[in-house]
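First up is the structure itself, then whatever we jot down about it.
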Amino acid sequence: MFTELNSILNTSPDSFTPGEFILVSDRQSDASFLIHHFLSFYLRARCKVCFLGLVQSFSHYSAVIQRLGVSLTQAKEKGQLMFLEGLKESLSILIPQEGSTECQAMDFLRDPAVGLRSLYEFVRSSVTSSGGGEDVAEEWGPPVLLVDDLSVLLSLGVSTGAVLDFSHYCRAAVCSQLQGNMVMLVRCNGEEEEDGDDEGSERLLKGLTHQCSLTLHVQGLPTGYCRDIHGQVEVCWRRRQGDGQHAQKKLFQYKVHDKGASFFARGTSSVVL
């Protein structure tokens, strides 16, 4: 959990805005450290978390979050964390083994044209279930959905329209109906041409931007590589008012550490003063 980022967003595990859809994106950089932050943040806030790990394993996140002072294994055993390990479940479908059980949530891999209904049903059942686990008396806060890279679904043959429909239904269930929060990561490679291709991550990013209430866009420094400043993040608060949507933007630079990250206004790092 990053204290400086919490200050920028005016939030904390003890006091955060319910019903938010937070969109994390990156271009020629890596925004996964923000997913680590939000995962530890909402677990500390005692929220019921459903994590769709589409590009990294449970053991990867467990090792990273352990350095932030949170145990994913304990959260999973208690029923606080429901983790879908996309890589593992994909292999069980693409390379079936005798006696292995398949996860219905990933059945779109057999036929991407069927869409993501089963994946949505997995999310809905995860955020509405009581959790159980070893301590059935445990009560959790509002549900949270995290997705570590929604754009990977495009590479698996799912259309951009189907992914946008999936996010829309998840937002309706998690944010609107249950007053929980949603955090999704989308990657843009920076080389994709905007040629009207429905499968483009740029179109996905634009569509999700219209749905969300907060965006954090991570990108490299325009001046190139710097050892002491790893990149910059543009934070944009989006609020709907009577005459449309209004946005407030702020730009910060950051440096990722082994156990966190530092954020500072552009040009105020000690290495440039």
ask   = From the list S40, S57, S12, S71, which residue is under 19 Å from L87 (Cα atoms) and out of contact with any Cys (no Cβ under 9 Å at 6 or more places or on another chain)?
value = S57
task = State yes or no: is A247 at pLDDT below 90 and among the small types (G, A, S)?
result = yes
message = Condition first: touching a residue at least 40 places away in the same chain (Cβ under 8 Å), among the polar types (S, T, N, Q) and not in a loop (DSSP other than H, G, I, E, B). Now tell me which residues in the range 24-62 satisfy that.
response = S25, S32
ask   = Quick check: anything in the range 73-96 surrounded by fewer than 16 Cβ atoms within 10 Å (Cβ to Cβ), at pLDDT 95 or above and among the polar types (S, T, N, Q)?
value = yes
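In the range 176-198, what residues are small (G, A, S), in a loop (DSSP other than H, G, I, E, B) and either modelled with pLDDT of 85 or more or in contact with a strand residue (DSSP E or B) (Cβ under 6 Å, 6 or more places away or on another chain) (or both)?
Within the range 176-198, the subset small (G, A, S) is 176, 180, 190, 196.
Within this subset, residues satisfying the condition of being in a loop (DSSP other than H, G, I, E, B) are 180, 190, 196.
Scanning the range 176-198 gives G180, G190.
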key: Single unsatisfied condition, I8 versus (1) touching a Gly at 6+ places or on another chain (Cβ under 9 Å); (2) more than 28 Å from Y169 (Cβ to Cβ); (3) not acidic (D, E)   = (1)
request  = Go through the range 24-51 and give me each residue that's more than 22 Å from R67 (Cβ to Cβ) and either within 12 Å of the chain's Cα centre (by Cα) or modelled with pLDDT of 95 or more (or both).
outcome  = S25, K48, C50
ask   = Right, I65: at pLDDT 90 or above and not in a strand (DSSP E or B) or not?
value = yes
ask   = Out of all the residues in the range 6-23, is one or more surrounded by fewer than 21 Cβ atoms within 10 Å (Cβ to Cβ), assigned to a helix (DSSP H, G or I) and over 18 Å from the mean Cα position of the chain (by Cα)?
value = yes
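The values are calculated or read from the model by the stated rules, or taken from the named source; none is laboratory data. Nothing here was measured: the structure is a model prediction, and the numbers come from that model. Positions of Cβ are backbone-derived with ideal geometry, glycine not excepted, and every protein chain shown enters the neighbour counts.
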